[in-house]
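K.L.:
Okay, handing you the structure first.
The values are calculated or read from the model by the stated rules, or taken from the named source; none is laboratory data. Keep in mind that this is a model prediction, so the values were computed, not measured. Virtual Cβ from ideal backbone geometry, glycine too; neighbours counted across all protein chains shown. Heavy atoms of the whole protein, side chains included, go into the accessibility calculation; ligands, DNA and RNA do not. Shrake-Rupley method; radii C 1.70, N 1.55, O 1.52, S 1.80 Å.
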Amino acid sequence: MDRITEELLLEKGSPTASKLEEIKTLNLSRMGLKLQDLPVRLLSRLRALERWDLSGNRLQEFPKTLKLPALRYLDLSDNQMEDVTSLESLGGLEELRMEDNLYVTVSDNYKLMVLLPSLRVYNGKDVSSTANHLRYVYSNNLRTRIIGVWERSFSLPHPISAEKMSHLEKSFVNAACQQVKYGPSSVSDFTKWKVEILARQYLRSLVESEDLDSKENNAVSAPQKRKQAQPATDTNIRLTPHKKARSDPPAEEGPHKSRLRLETVAGIRISPRKAVRGPAAPTRAPTKADTTRKGPAAAPHKEEEAPAGQGAADSLPIAGSGTQDRPACLKPLHVLQCHSKQDSSDDFSTQLWACAFQPLLDSSGNSRMVATCGGDSVCVIDCETGMVMKKYKVPGEEFFSLAWSTVSMCSGNEAAAQPCSVLAAAGRRGLVKLIHPRNNVAYGEFRASRKTLSVLHFNPQQGNFLFSGAYDNRIVMWDIGGVDSQYNYKVVQLLVLEISATPLHICLPPACPATQLLTACEDGLRCYNTQLSTHSASRRSKEMEITFPIYEEEDEEHNYHTVDGLSFLTDDIVASKSYMHACIYLWSWSRTAAQRPARKSRAVCAVVLAELQWASTDIPYLALNTCPRRAYVVCGDDKGQMWTYHVTDLQKASFQPGEAILPTEVLEWPAPMRKGFGQIDGPSINVVAMDPELRYLVALSDKNMVIIWRREDS
């Protein structure tokens, strides 16, 4: 008779339930259980189980095929465990107890930290730092040595056959295990085990790259496979991103290489997209209003002077420093689908939320690397070639924000510290991931909130200061410090800003980034004092709230307080928008901040310089961006169009209150075609980014597409 039955599980489980699917805690301790006593089919029904006590039994291993997606705590102390790799199926496990298992070694402990990507507490101790070192730094060092073994002595056979590959794999893995020596001798068993896994993965990635290149070459030589209806766009556009043939980058859950099969149509580079929906974590889905306030009619540019004494009629004080007089000519270059679930070309549901260009470490060259995030992955893309150079996946995560910065990296000897680019990314889990893309290392993480993180922003003058905004209505200032050659780092919380709603965007005034912070929220635009001193409070409330004249027109059906776009165009001029008001405001930061706030509300009215006509839509969270050197403001709409404004064109004009300025150009959706789907309609453009010289314009859609435009100089 089976020792474990449904009746027993219901008796030992809690809360009291009539179904196994409702049990959250289970105590099967001190029952003398062995592996054969654990029925996998029955136990698999415990889909809500979060805590399981199996201590004091006679288990030598755990059922390898048993998957419990909700399990976070497992007690296997006082057993006879020998094979810890049998726990690999418990990917969500956060706390594990293994005391008093005679045969568990230090190497086994290390294996557990690598096999269980979410493990934070082991035998009652926080092992996050050690686990991160093993998962990222240690593994990356081993991978580098393994690649060296391959390049010195091995190569792929031509042609590739199963028999040849079997012999090659055996020889290569054996050579790697013998030649790669790293770490203390006490964990040599762990090192050999990890080397074997990484060697097999590396060889598999080489074969996959060879197969992909072969298929792409065949596709190029077979034009009949690409005959499709031609889109009504420029036939010189190229739209099918090619993946760079390379070894897999390290990711939190292990090496990963995105596989994209794209159709080349009318010369455009394209990748697939997704269906409309809101993200699974904090709701960012459109909020429908019955009626939407139409934008003011655009007035032709006038040469006469504006009436004196009206702030909204002031001409824009934008100087020619670093700007160009002629508008940019932007042409679509690539459309990528690099965030698909399981790299499926049929994934049209993954929404993309944030993108940013990599900052240059010196003044030479141009920034062409852009980071994008959405779904469970972060990608680094070469805008010119359309290649995804790095991809980092975290199963179960949903990324909403990312930010680049430059921090110091110490080599460990007497040499001076060198600057290195670091990418921070965060989302649903409230964890900030720290990535060093140049060395292909995701080297650590820290918890910034118990709730979803909506925005990240670095201080451009103090690169190790990071601001994180979350759905707990707080903005936290962190010092992430630098890193050493072993990627040791330390994070310190410096300041907490209490806000009244979810923060959507964070901006630091260029003239005073160390003392002031602007945040666009669900219920308005606020300013905070962020100056650090030994006498300052670590928790602060708003210093003032910035309002707009449109607020006076609010009624029960219209709420214009949500500010879902915010960026500085110059040191003084700010561009912001509310999706309900069909326009983008340009206003003066210095003149607005110079006003005395109301005593109770702390409100001041923005000194509006101009209004830029934008799309009439009730779709929120379509963020704008600016390119100060080129004096550009850009914002996408809900039809895939890009509204561009060359602000130097407005210098010769004067403005009247209530008159909106027409866009310099509205870039139409490239309308790419995909086999089996026909023409892809324009999606909502969630966010845009431009490099400092506006050589590239990148937009992310709510339908799993990254669109890249390139400036063409005539």
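K.L.:
Please work out which one of (1) under 25 Å from Leu434 (Cβ atoms); (2) part of a loop (DSSP other than H, G, I, E, B) is the condition Trp478 fails and give its number.
P.N.:
Tallying (1) under 25 Å from Leu434 (Cβ atoms); (2) part of a loop (DSSP other than H, G, I, E, B), Trp478 fails exactly one: (2).
K.L.:
Given (1) open to solvent by 10 Å² or more (accessible area, probe 1.4 Å); (2) hydrophobic (A, V, I, L, M, F, W, C); (3) more than 34 Å from the chain's Cα centre (by Cα), identify the lone condition not met by Leu115.
P.N.:
Going through (1) open to solvent by 10 Å² or more (accessible area, probe 1.4 Å); (2) hydrophobic (A, V, I, L, M, F, W, C); (3) more than 34 Å from the chain's Cα centre (by Cα) one by one, Leu115 breaks only (3).
K.L.:
Would you confirm whether any residue within the stretch 24-36 is open to solvent by less than 60 Å² (accessible area, probe 1.4 Å), part of a helix (DSSP H, G or I), over 30 Å from Asn132 (Cα atoms) and in contact with a Gly (Cβ under 8 Å, 6 or more places away or on another chain)?
P.N.:
Scanning the stretch 24-36 turns up no residue that is open to solvent by less than 60 Å² (accessible area, probe 1.4 Å), part of a helix (DSSP H, G or I), over 30 Å from Asn132 (Cα atoms) and in contact with a Gly (Cβ under 8 Å, 6 or more places away or on another chain).
For (1) of a type outside the set (D, E, K, R); (2) within 16 Å of the chain's Cα centre (by Cα); (3) in a loop (DSSP other than H, G, I, E, B), each residue gets a yes or a no:
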{"site": "Ala442", "(1), (2), (3)": "yes, yes, no"}
{"site": "Val455", "(1), (2), (3)": "yes, yes, no"}
{"site": "Asp472", "(1), (2), (3)": "no, no, yes"}
{"site": "Tyr489", "(1), (2), (3)": "yes, no, yes"}
{"site": "Leu495", "(1), (2), (3)": "yes, no, no"}
{"site": "His505", "(1), (2), (3)": "yes, yes, no"}
{"site": "Pro509", "(1), (2), (3)": "yes, no, yes"}
{"site": "Pro513", "(1), (2), (3)": "yes, no, yes"}
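K.L.:
Before we move on, is Gln462 touching a helix residue (DSSP H, G or I) at 6+ places or on another chain (Cβ under 9 Å) and assigned to a loop (DSSP other than H, G, I, E, B)? Spell out how you get there, then give the answer.
P.N.:
Details: touching a helix residue (DSSP H, G or I) at 6+ places or on another chain (Cβ under 9 Å): no; assigned to a loop (DSSP other than H, G, I, E, B): yes.
For Gln462, the condition - touching a helix residue (DSSP H, G or I) at 6+ places or on another chain (Cβ under 9 Å) and assigned to a loop (DSSP other than H, G, I, E, B) - is not met.
K.L.:
Out of Leu142, Leu59, Leu90, which single residue is assigned to a loop (DSSP other than H, G, I, E, B), of a type outside the set (Lys, Arg) and in contact with a Lys or Arg (Cβ under 7 Å, 6 or more places away or on another chain)? Let's see the steps before the verdict.
P.N.:
Numbers: Leu142 fails: assigned to a loop (DSSP other than H, G, I, E, B); Leu90 fails: in contact with a Lys or Arg (Cβ under 7 Å, 6 or more places away or on another chain).
Only one candidate passes the filter, namely Leu59.
K.L.:
Which ones in the stretch 605-633 are among the β-branched types (Val, Ile, Thr), open to solvent by less than 20 Å² (accessible area, probe 1.4 Å) and touching a strand residue (DSSP E or B) at 6+ places or on another chain (Cβ under 8 Å)?
P.N.:
Answer for the stretch 605-633, where residues must be among the β-branched types (Val, Ile, Thr), open to solvent by less than 20 Å² (accessible area, probe 1.4 Å) and touching a strand residue (DSSP E or B) at 6+ places or on another chain (Cβ under 8 Å): Val608, Thr626, Val633.
K.L.:
With the structure loaded, tell me whether Leu9 is more than 25 Å from Asn123 (Cβ to Cβ), touching a residue at least 12 places away in the same chain (Cβ under 8 Å), of a type in the set (A, V, I, L, M, F, W, C) and out of contact with any His (no Cβ under 6 Å at 6 or more places or on another chain) or whether it fails that test. Please lay out each step first, then the result.
P.N.:
On the way: more than 25 Å from Asn123 (Cβ to Cβ): yes; touching a residue at least 12 places away in the same chain (Cβ under 8 Å): yes; of a type in the set (A, V, I, L, M, F, W, C): yes; out of contact with any His (no Cβ under 6 Å at 6 or more places or on another chain): yes.
Yes: the conditions hold for Leu9.
K.L.:
Just checking, which of Ser161, Ser166 is among the hydroxyl-bearing types (Ser, Thr, Tyr), open to solvent by less than 80 Å² (accessible area, probe 1.4 Å), at pLDDT 90 or above and over 28 Å from the mean Cα position of the chain (by Cα)? It would help to see each step written out before you state the result.
P.N.:
Numbers: Ser161 fails: at pLDDT 90 or above.
Going through Ser161, Ser166 in turn, the sole match is Ser166.
K.L.:
Right, next: Output the number of the condition that Ile550 fails; it satisfies all remaining conditions of (1) exposed (fewer than 14 other Cβ atoms within 10 Å of the Cβ); (2) more than 33 Å from the chain's Cα centre (by Cα).
P.N.:
(1)
K.L.:
How many residues are surrounded by 18 or more Cβ atoms within 10 Å (Cβ to Cβ) and part of a loop (DSSP other than H, G, I, E, B) if we restrict to the stretch 93-110?
P.N.:
Selection size over the stretch 93-110: 4.
K.L.:
Something else now. Just to be sure before I move on: is Arg145 open to solvent by 70 Å² or more (accessible area, probe 1.4 Å), within 22 Å of His436 (Cα to Cα) and over 28 Å from the mean Cα position of the chain (by Cα) in the structure I sent?
P.N.:
On the way: open to solvent by 70 Å² or more (accessible area, probe 1.4 Å): yes; within 22 Å of His436 (Cα to Cα): yes; over 28 Å from the mean Cα position of the chain (by Cα): yes.
It is true that Arg145 is open to solvent by 70 Å² or more (accessible area, probe 1.4 Å), within 22 Å of His436 (Cα to Cα) and over 28 Å from the mean Cα position of the chain (by Cα).
K.L.:
Also: Of the conditions (1) touching a residue at least 40 places away in the same chain (Cβ under 8 Å); (2) outside any loop (DSSP other than H, G, I, E, B); (3) farther than 27 Å from Ile197 by Cα, Leu42 satisfies every one except a single condition; which number is it?
P.N.:
(1)
K.L.:
Another question about this same structure. Taking the stretch 554-590 only, how many residues are in a loop (DSSP other than H, G, I, E, B), surrounded by fewer than 22 Cβ atoms within 10 Å (Cβ to Cβ) and of a type in the set (Gly, Ala, Ser)?
P.N.:
Adding up the residues that qualify gives 1.
K.L.:
Where the second residue is open to solvent by 40 Å² or more (accessible area, probe 1.4 Å) and polar (S, T, N, Q) and the first is touching a residue at least 12 places away in the same chain (Cβ under 8 Å) and lies in the stretch 164-181, which pairs have Cβ atoms under 7 Å and are six or more apart or on separate chains?
P.N.:
Ala175/Ser153
K.L.:
Looking at (1) farther than 25 Å from Cys373 by Cα; (2) touching a residue at least 12 places away in the same chain (Cβ under 8 Å), find the lone condition where Leu508 falls short.
P.N.:
(1)
K.L.:
Hey, Ala594 hits all of (1) in contact (Cβ under 8 Å) with a residue 60 or more places away in the chain; (2) small (Gly, Ala, Ser); (3) open to solvent by 30 Å² or more (accessible area, probe 1.4 Å) but one; which does it fall short on?
P.N.:
(1)
K.L.:
Something else: Would you confirm, using the coordinates I've provided, whether Arg450 is in a helix (DSSP H, G or I), more than 22 Å from Asn686 (Cβ to Cβ), without any contact (Cβ under 8 Å) to a residue 40 or more places away in the chain and not β-branched (Val, Ile, Thr)?
P.N.:
Numbers: in a helix (DSSP H, G or I): no; more than 22 Å from Asn686 (Cβ to Cβ): yes; without any contact (Cβ under 8 Å) to a residue 40 or more places away in the chain: yes; not β-branched (Val, Ile, Thr): yes.
So Arg450 fails the test.
K.L.:
Still on this structure, I have one more. Taking only the stretch 451-482 into account, find how many residues are touching a Cys at 6+ places or on another chain (Cβ under 9 Å) and surrounded by fewer than 22 Cβ atoms within 10 Å (Cβ to Cβ).
P.N.:
Residues that pass the stated criteria total 2.
K.L.:
Now for a separate question. So in the stretch 179-227, with the set limited to residues that are part of a loop (DSSP other than H, G, I, E, B), modelled with pLDDT under 85 and more than 34 Å from the chain's Cα centre (by Cα), which one is nearest to Ala131 (Cα to Cα)?
P.N.:
Only one residue fits best here, namely Pro184.
K.L.:
Which of (1) within 26 Å of Pro117 (Cβ to Cβ); (2) surrounded by fewer than 16 Cβ atoms within 10 Å (Cβ to Cβ) is the odd one out, the single condition Ser408 does not satisfy?
P.N.:
Unmet for Ser408, out of (1) within 26 Å of Pro117 (Cβ to Cβ); (2) surrounded by fewer than 16 Cβ atoms within 10 Å (Cβ to Cβ): (1).
K.L.:
Also, quick follow-up: When the stretch 58-73 is examined, which residues are found to be over 21 Å from Arg447 (Cβ atoms) and buried (at least 20 other Cβ atoms within 10 Å of the Cβ)?
P.N.:
Leu59, Phe62, Leu68
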